[in-house]
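Peer 1: For reference, the structure I am asking about is given below.
The values are calculated or read from the model by the stated rules, or taken from the named source; none is laboratory data. On a predicted model such as this, the values are computed, not experimentally measured, just so you know. Positions of Cβ are backbone-derived with ideal geometry, glycine not excepted, and every protein chain shown enters the neighbour counts. With ligands, DNA and RNA removed, areas are computed over all heavy atoms of the protein, side chains included. Shrake-Rupley method; radii C 1.70, N 1.55, O 1.52, S 1.80 Å.
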Amino acid sequence: MTMPAPPASVPPADRMPLRRLAVIGAGPRGIAVIERLGAASRTEAWRGAVEVHLIDPHVDRGGAVWRTNQSRALVMNTATCQTTMYPDASCAPVLPVEGAQTLAEFLGREENGGYGPADIAPRAEHGRYLLTVLAQAEAAADPSRLRIVRRAAEARDVTGPLDGPQRVLLDDGEVLEVDAVVLALGHLATAPSPRSRRIAEAAERLGLLHVPSANPLEVDDTALLGRERVAVQGMGLNFYDAVGMLCEAAGGRFLEDPSTPSGLRYLPGGAEPQLLVGSRTGVVYRPKPDLRPHLPAPYEPTVLTDGMVESLAARPGGLDHERDVLPLMVAELTGAMARAGFDALADEEAILRLLFPLGRRARALPDAHARTRAVLREAIAAASAPDPAWTLAFRVLSALRIRVNELVDRGAYTSVSFLRDIDGFLKNAFASWASGPPVRRAREALALEEAGLLVFAGPAMSIEVDESARRFAVRAGDGPAVLCDGVLEAHLPGVDLPRFTSPLVRAWRERGEVRAALLPDRHGDEPVATGSIDVADDGTLIGTDGEAFARRILLGIPVSTAQPGSAITAEPGTAPQLLRRAERAAIDLARHAGALPRTSGEELVPWAMQIVVLRDKKALAADVDVAEAGARAVVALLDDERSALGGPWHDALARWVEGGRIRKIVRRADGKRWRDVQELEGVTVEVPFGAAVAGPAAVRALPPGPVRPLPHALDKLQVGGTTFVHEGESRTEDAPVTVEVSPLIEITSGKLVAQVAHAAQRAYDLMDAETRAAWRAQGFAVRVERADETTWARGGRPVSIVDAGYTELGGPTETTRARW
Ligand SMILES: Cc1cc2nc3c(=O)[nH]c(=O)nc-3n(C[C@H](O)[C@H](O)[C@H](O)COP(=O)(O)OP(=O)(O)OC[C@H]3O[C@@H](n4cnc5c(N)ncnc54)[C@H](O)[C@@H]3O)c2cc1C
């Protein structure tokens, strides 16, 4: 049971002015910020009433990517167990976490589809999960502290001073005045690149088809129907999405057919064009191994260990990936293969062939179609079975990706190496392994190939216009041109500030309130501009003059230079940046609204004195005895020489009582657990003479500390519902201090212990030195009395404890008094 201390002198919530905040973007990040804000509003540190507006045209649909009303042909590329919206211990959250459920737990329930942890679900299901998290945050919010308001609108502008209230202009014309705003905008629409514009102009002029890069949801796939041959630029997830959506739009069907390499046969709808598929690198994303029912534990590196990452990050002059990191990655992979007995893959050459089957650098290949098809066939066979060596490669690469992201995050690479090796190559290579489609979707792509509807152009694909043929001329390198009557740009728009078409970002650009981030020049190399928006470490927007807008906090993909790995989901157990940053942003928002104190995050974890009571079911003590033992243990601890100035408990006690809050948490233990608690520092007091009516009472009080994390011996002890024998009077005679309990309340024995201890503690603080010495001489004996109503009505005791009423009592209530 949690014992809030007597209320501090702040006005009640309903008399504080209402403050307002905004979160723009209701995808995973925006909703995570709302969830964390809700958690903050349930802490004791929270003050006042706040209204937060969650703004997104798709706010009731789970955001743009995950909207619940999209085709079920659009599926996730991560397994259900790889996503959560609630921080776990790996995030070391400073705010409480309640009602947590991962995507796997949510979708695993029969009524939600009964998906297994390694299953791949439609994106719409993830959208339903996000909406459930939001609804749960709304339901848990106490409206006198936090009101969550959904706004189905686009934010067109955010204006305001560097450090003052902001104004959010909505597309319905309304202007919201807010104390601060978080912007989690995800992938933003961009204007076409000059190359894309040329293709668009030619398409317009010649009556050809051009589908620019976009979220696959925004693409009208019916436009492809009836075309002869469409060039598809991109071999990643958008390409696979296009396969699914095209077949759905055409009304085609896939039948199981074990005689084909794909295991499927495609029955065309009739209007499908042939797809000519290629990209700059020519790397086709390989399906993830089908690891159902359970994904194996993450691989723990033995070469690129945390220690190695640490020493690489500290290397002067910066890292060159090819020279400094790639050999370690190869050693990690070959070592893992050797240890697992996969000797064929235990040497460098074999590993590099597996990773880069078309070579390490993009170049056109004469037999690109056959080679890419072979890669895909091999990958499908290995992923379907699944092949244990491939599964190991997949696990090692997933772990290496996290380590490389960490190096990027810490600015360890030189700019040149980052741009050339990571951004220009490895990011895609990793994604082609670790972010591949589900096996089924890869088999569908291969089935289209088998039906003659898909041809691989391979690496170095280029698109020109053949004016005489009135067609696009598509080539790989210098190879022969293949004529196409359409182009589908199957990739997401890049992160490129000058090309963002979002009215909000455009407005900032026009006023000089946004600039492009530079890659840090930590290693003496020339700073390099990126397309990412420049923000400070805490996400605050930086304007062209280098000054930060303290109340505009940006999260995620548009600021991916400062927050690398932004497109990766929040995976349980991996300290995901999405959730860590969401909590920090929520705390910053709350501080701007004056709802949380402007102290460090750690101080938001309340401090409490833990009190453990022995509860032996075979010899249950009387509650007055337990309360007396508790009061004596607390006072004995306060009086202990270890609590004196210079003693080991002194600072913790001083911090705990600061501001008048003396929170106590009462837990119960018996048997081994009780014995384990005796190993923790503290003071135990026993009251043995209860045996006539009940068992003996024993209580251990511990020096105060943060309520999270707790020593294991304490953490597992129950708090709620602690009851003892509620009969019989105190048998303590001649105690110097008497604590009276209100006759007007009904409380559990656990709460009684805390309230009596509060009163005894205040008595100890207030009495003069002589009385205190006399009390000490009697072992701080306390008599607990249940006052009758007449005595209680008289009042007039030197100590009166008023409980804030957050737990068992329905509002501020006087519970105990002390006299001496
Ligand atoms: C097609 C696609 C498929 C993906 N599949 C996966 C997957 O399977 N697994 C995975 O882990 N990751 C996947 N991702 C990565 C994905 O980007 C992240 O998992 C995650 O959605 C990022 O969350 P976010 O909240 O930062 O951005 P988003 O989810 O993109 O949300 C941003 C929100 O901001 C809103 N918004 C933007 N501008 C404004 C404005 N001016 N006013 C109001 N609202 C605005 C948008 O409408 C949108 O809802 C996928 C991404 C895409 C694009």
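Peer 1: Tell me what the chain gives for mean residue ellipticity at 222 nm when only DSSP H runs of n ≥ 4 count, each as -39,500 (n - 2.57), the sum divided by the residue total, rounded to 500 deg cm²/dmol.
Peer 2: Working: 21 runs with 248 residues, N = 820.
Here the helix-only value at 222 nm equals -9500 deg cm²/dmol.
Peer 1: To the nearest 20 Debye, how big is the dipole of the chain about its Cα centre, given +1 on the beta carbon of each Lys and Arg and -1 on that of each Asp and Glu? Walk me through the intermediate numbers first.
Peer 2: Values: 94 positive and 108 negative charges, 97 e Å.
The calculation lands at about 460 debye.
Peer 1: If you don't mind, there's one more thing I want to ask. Enumerate the amide H contacts of residue 740 below 5 Å, restricted to partners 5 or more residues apart or on another chain; note that Pro and chain-start residues carry no placed amide H.
Peer 2: 785, 817, 818, 819
Peer 1: I've got another one for you. Taking θ as phi - 60°, what are the ³J(HN,Hα) couplings along the stretch 760-775 by the Karplus curve (6.51, -1.76, 1.60), each to the nearest whole Hz, with x for Gly and Pro?
Peer 2: Result, ordered by residue: 5, 5, 5, 4, 4, 5, 8, 6, 6, 4, 5, 4, 5, 5, 5, 5 Hz.
Peer 1: Related question: Which of the listed residues, 283, 86, 595, is farthest toward the dipole's positive end in the chain, when Lys, Arg count +1 and Asp, Glu count -1 at the beta-carbon?
Peer 2: Most positive-ward Cα: 283.
Peer 1: Same structure, new question: With a 1.4 Å probe and all protein chains kept in place, how do 618, 751, 427 rank by accessible area, largest first?
Peer 2: On the way: 618 190, 751 0, 427 120 Å².
Sorted descending by solvent-accessible area, the residues read 618, 427, 751.
Peer 1: In percent, what relative contact order does the chain have, based on Cα pairs under 8 Å that are 6 or more apart in sequence? Show your work: numbers first, answer last.
Peer 2: Details: 1720 pairs, mean separation 132.9, N = 820.
Computed value for the chain: 16 percent relative contact order.
Peer 1: Taking all protein chains as present, what is the carbon and sulfur share of the accessible area of the stretch 306-434, in % to the nearest whole number, probe 1.4 Å? Please report the intermediate quantities before stating the final value.
Peer 2: Details: 3030 of 5490 Å².
It is 55 percent, rounded to a whole number.
Peer 1: List the residues, sorted by chain then number, that are 5 or more residues from residue 211 or on another chain and whose placed amide H is less than 5 Å from its amide H.
Peer 2: Amide H to amide H, under 5 Å and 5 or more residues apart or across chains, residue 211 pairs with 487, 488, 489.
Peer 1: Per-residue counts of other Cβ atoms within 10 Å, averaged by peptide: what ranking do you get for 486-493, 650-657, highest first? Please report the intermediate quantities before stating the final value.
Peer 2: Details: 486-493: 22.9, 650-657: 16.1.
Going from most to least packed, we get 486-493, 650-657.
Peer 1: Give the shape of the stretch 395-441 as rounded, prolate or oblate, defined through the alpha-carbon gyration tensor: a ≥ b ≥ c are the square roots of its eigenvalues, a/c under 1.5 means rounded, and otherwise the shape is prolate if a/b is larger than b/c and oblate if not. Don't skip to the answer; put the middle values down first.
Peer 2: Values: a/c = 3.78, a/b = 1.88, b/c = 2.01.
The shape class here is oblate.
Peer 1: How big is the gap, in Å, between the Cα center of the stretch 324-354 and the Cα center of the stretch 798-819?
Peer 2: One Cα centre to the other: 67 Å.
Peer 1: Could you state the number of Å between the C-alpha centres of the stretch 236-264 and the stretch 709-754?
Peer 2: What the calculation gives is 67 Å, centre to centre.
Peer 1: Right, something else. For the stretch 145-152, in order, what is each residue's ³J(HN,Hα) by Karplus, 6.51 cos²θ - 1.76 cosθ + 1.60 with θ = phi - 60°, in whole Hz (x at glycine and Pro)?
Peer 2: Once rounded to whole Hz, the list reads 10, 9, 10, 9, 10, 7, 10, 7.
Peer 1: State, as an integer percentage, the relative contact order of the stretch 597-737 based on alpha-carbon contacts under 8 Å between residues 6 or more apart.
Peer 2: Details: 226 pairs, mean separation 57.9, N = 141.
41 percent.
Peer 1: Kindly rank 359-365, 28-34, 473-479 from highest to lowest mean number of other beta carbons found within 10 Å of each residue. List each step's numbers first, then the result.
Peer 2: Details: 359-365: 15.6, 28-34: 28.3, 473-479: 17.9.
Going by the mean number of other Cβ atoms within 10 Å, highest first, we get 28-34, 473-479, 359-365.
Peer 1: Hey, can you grab everything whose amide H is under 5 Å from the amide H of residue 51? Only 5+ residues off in sequence or another chain; H modelled, so Pro and N-termini drop out.
Peer 2: Result for residue 51 returns 19, 20, 21, 147.
Peer 1: What shape does the stretch 606-819 take by its C-alpha gyration tensor, where a ≥ b ≥ c are the square roots of the eigenvalues and a/c under 1.5 counts as rounded, a/b above b/c as prolate, and the rest as oblate? Before the final figure, lay out each step's value.
Peer 2: Details: a/c = 1.29, a/b = 1.10, b/c = 1.17.
It is rounded, given that a/c, with a ≥ b ≥ c, falls under 1.5.
Peer 1: What share of the DSSP beta bridges in the stretch 606-819 is antiparallel, in percent to the nearest 5? Numbers along the way, then the final one.
Peer 2: Values: 20 of 33 bridges.
So the antiparallel bridges amount to about 60 percent of the total.
Peer 1: Continuing with the same structure: Using the per-residue mean of other Cβ atoms lying within 10 Å as a proxy for protection, in what order, highest first, do the peptides 670-676, 207-213 fall?
Peer 2: Numbers: 670-676: 14.3, 207-213: 19.0.
Those peptides, ordered most packed to least, come out 207-213, 670-676.
Peer 1: Residue by residue through the stretch 310-322, which ³J(HN,Hα) values in whole Hz follow from phi under the Karplus form 6.51 cos²θ - 1.76 cosθ + 1.60 (θ = phi - 60°), with glycine and proline marked x?
Peer 2: 4, 6, 5, 5, 8, 5, x, x, x, 9, 9, 4, 4
Peer 1: Looking at the square roots a ≥ b ≥ c of the eigenvalues of the Cα gyration tensor of the stretch 700-786, which shape do they give, rounded for a/c under 1.5, prolate if a/b is larger than b/c, or oblate? Don't skip to the end; give the middle numbers.
Peer 2: Values: a/c = 2.20, a/b = 1.29, b/c = 1.72.
Oblate is the answer for the stretch 700-786, as a/c is 1.5 or above yet b/c matches or exceeds a/b.
Peer 1: I would also like to ask the following. Please report the antiparallel percentage of DSSP beta bridges with both residues in the chain, rounded to the nearest 5.
Peer 2: Values: 53 of 103 bridges.
Of all bridge pairs located within the chain, approximately 50 percent are antiparallel.
Peer 1: Right, something else. With +1 assigned to the C-beta of every Lys and Arg and -1 to the C-beta of every Asp and Glu, and no other charges, what is the dipole magnitude of the stretch 525-662 about the Cα centre in debye, to the nearest 20? Before the final figure, lay out the partial values.
Peer 2: Numbers: 14 positive and 21 negative charges, 116 e Å.
That gives the stretch 525-662 a dipole magnitude of about 560 debye.
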